[in-house]
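Contents: one structure, followed by commentary.
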Amino acid sequence: MTILALTGGVGGAKLSLGLSRVLEPDEITFVVNVGDDFEHLGLSISPDIDTLTYTFAGIVNESTGWGRANESWDCLTELRRLDAESWFQLGDLDLALHLFRTGLLSKGKSLTEVTSVVCSRLGIVHKIVPATDAKLRTRVLTDQGLLEFQDYFVRLKCEPKVSALEYHQRTITSLSPAVDVEKVTGVIICPSNPFLSIDPILEVDEMRSLLAERDFPVVAVSPIVGNRAIKGPTAKMMHELNMPTTCTRVAEHYRDLVDGFVLDEEDTSRAPDVEKLGIRVRIAPSIMKTLEDKIALAKVCLDFIDKLR
Ligand code: FO1
């Protein structure tokens, strides 16, 4: 049996950490968004994979949720002195990983292979895999034009008004070969940004057909609590896309893909509306501050999957 956890940035990493403490390595595979990946200063950067890797290795910067703990910034300072691009903060320790990955990719290794090597060198026993080895990149259509994802997210601090998202290119058919689709017994969609983190994973044809033809339950956890996003620009983006910033609207977004939806206690009154969509609801505390919170929510999701079988 294998559970697939679909995850993106910092919000997804929290639940993923909880799941990794509850399930053995052969019981779960973490399928990570690569739509945020980009090339910067000649380096191949995979922010969401690294966020999860650093989180599992216990070396993530806890205050940002991304990058390394105990980081130093000498290289960035020097880049600024050279008047080179420095809007994307690459710390000295973090740079080592980007150098290592870029070198292996340039020798012909796939992102799946590189990620597996990095995980084993950092002592990570659970399987972290990119959604695909193909080059899938998220672009954001805004009032300032069509922007590459990190341009929108980091350089422009999510300030441009979003009107649409696109995930190119459209020829991506295969999931990472490290995802054993035959063994999947359930899917958990982590509380990551649906448009920026989860939809790019669902863009992979093999993932979409796996979910469409499923004989296993799929459960999503709402990234919206009350009318706020737990983290990041989800609420701002929904507002700009003329969507109500509610967990119900997120459930509607996932409507054909999920059997169960976990929403926060604060949103108890919205449960009937989600159920009207034909989706079963589980109510649970979903703001994860401590490791215990993450483990507790992971157990809720796994129990929900069991009950939906
Ligand atoms: N996020 C920022 O908001 N500013 C940064 O300068 C930044 C640098 C960075 C470096 C390495 C890395 O792995 C992640 C980094 N992130 C940064 C986070 C990242 O770009 C976003 O959180 C994700 O792409 C969204 O999930």
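Candidates are the residues of the range 83-103 that are part of a loop (DSSP other than H, G, I, E, B) and farther than 13 Å from Ile45 by Cα; the one that is most open to solvent (accessible area, probe 1.4 Å) is Asp83.
Has the range 140-149 got any residue that is in a loop (DSSP other than H, G, I, E, B), closer than 20 Å to Val34 by Cβ and either free of Cβ contacts under 8 Å to residues at least 40 places away in the same chain or more than 13 Å from the ligand (Cβ to nearest atom) (or both)?
Taking the range 140-149 and keeping what is in a loop (DSSP other than H, G, I, E, B), we get 143-144.
After this cut, where a residue has to be closer than 20 Å to Val34 by Cβ as well, the list is none.
No; the residues of the range 140-149 include none that is in a loop (DSSP other than H, G, I, E, B), closer than 20 Å to Val34 by Cβ and either free of Cβ contacts under 8 Å to residues at least 40 places away in the same chain or more than 13 Å from the ligand (Cβ to nearest atom) (or both).
Out of the range 1-35, which residues are assigned to a strand (DSSP E or B), hydrophobic (A, V, I, L, M, F, W, C) and within 16 Å of the ligand (Cβ to nearest atom)? Steps first, please.
Restricting attention to the range 1-35, the residues satisfying the condition of being assigned to a strand (DSSP E or B) are 2-7, 28-32.
Pick out the ones that are also hydrophobic (A, V, I, L, M, F, W, C) and you get 3-6, 28, 30-32.
Within the range 1-35, Ala5, Leu6, Phe30, Val31, Val32 qualify.
Pairs meeting the criteria (first residue in the range 245-266 and without any contact (Cβ under 8 Å) to a residue 24 or more places away in the chain, second residue in a loop (DSSP other than H, G, I, E, B) and surrounded by 21 or more Cβ atoms within 10 Å (Cβ to Cβ), beta carbons under 9 Å, at least 6 apart or on different chains) are Glu265/Ser286.
Taken together, the residues in the range 1-44 that are of a type in the set (A, V, I, L, M), in contact with a Leu (Cβ under 8 Å, 6 or more places away or on another chain) and farther than 19 Å from Glu206 by Cα amount to 8. Could you list, in sequence order, all residues of the range 70-98 that are more than 13 Å from the ligand (Cβ to nearest atom) and in contact (Cβ under 8 Å) with a residue 12 or more places away in the chain? Passing the criteria: Asn70, Ser72, Asp74, Ala84.
Can we say Lys231 is modelled with pLDDT under 95, of a type in the set (Lys, Arg) and under 18 Å from Ala5 (Cβ atoms)? Let's see the steps before the verdict.
Details: modelled with pLDDT under 95: yes; of a type in the set (Lys, Arg): yes; under 18 Å from Ala5 (Cβ atoms): yes.
Judged against the criteria, Lys231 is a match.
When residues in the range 52-82 are screened for being outside any loop (DSSP other than H, G, I, E, B) and open to solvent by 10 Å² or more (accessible area, probe 1.4 Å), 12 of them pass. Test Val154 against the stated conditions and say whether it is within 16 Å of the ligand (Cβ to nearest atom), under 27 Å from Ser86 (Cβ atoms) and crowded, with 17+ Cβ neighbours inside 10 Å. Answer is no for this residue.
In this structure, does His239 turn out to be surrounded by fewer than 21 Cβ atoms within 10 Å (Cβ to Cβ) and free of Cβ contacts under 8 Å to residues at least 24 places away in the same chain? Against the criterion (surrounded by fewer than 21 Cβ atoms within 10 Å (Cβ to Cβ) and free of Cβ contacts under 8 Å to residues at least 24 places away in the same chain), His239 qualifies.
The values are calculated or read from the model by the stated rules, or taken from the named source; none is laboratory data. All figures in this text were calculated on a predicted structure; none of them were measured in a lab. When we count neighbours, we look across all protein chains shown, and the Cβ atoms used for this are built from the backbone with ideal geometry, even at glycine. Quick note on the areas: whole protein, heavy atoms, side chains included, nothing else; ligands and nucleic acids left out. Shrake-Rupley method; radii C 1.70, N 1.55, O 1.52, S 1.80 Å.
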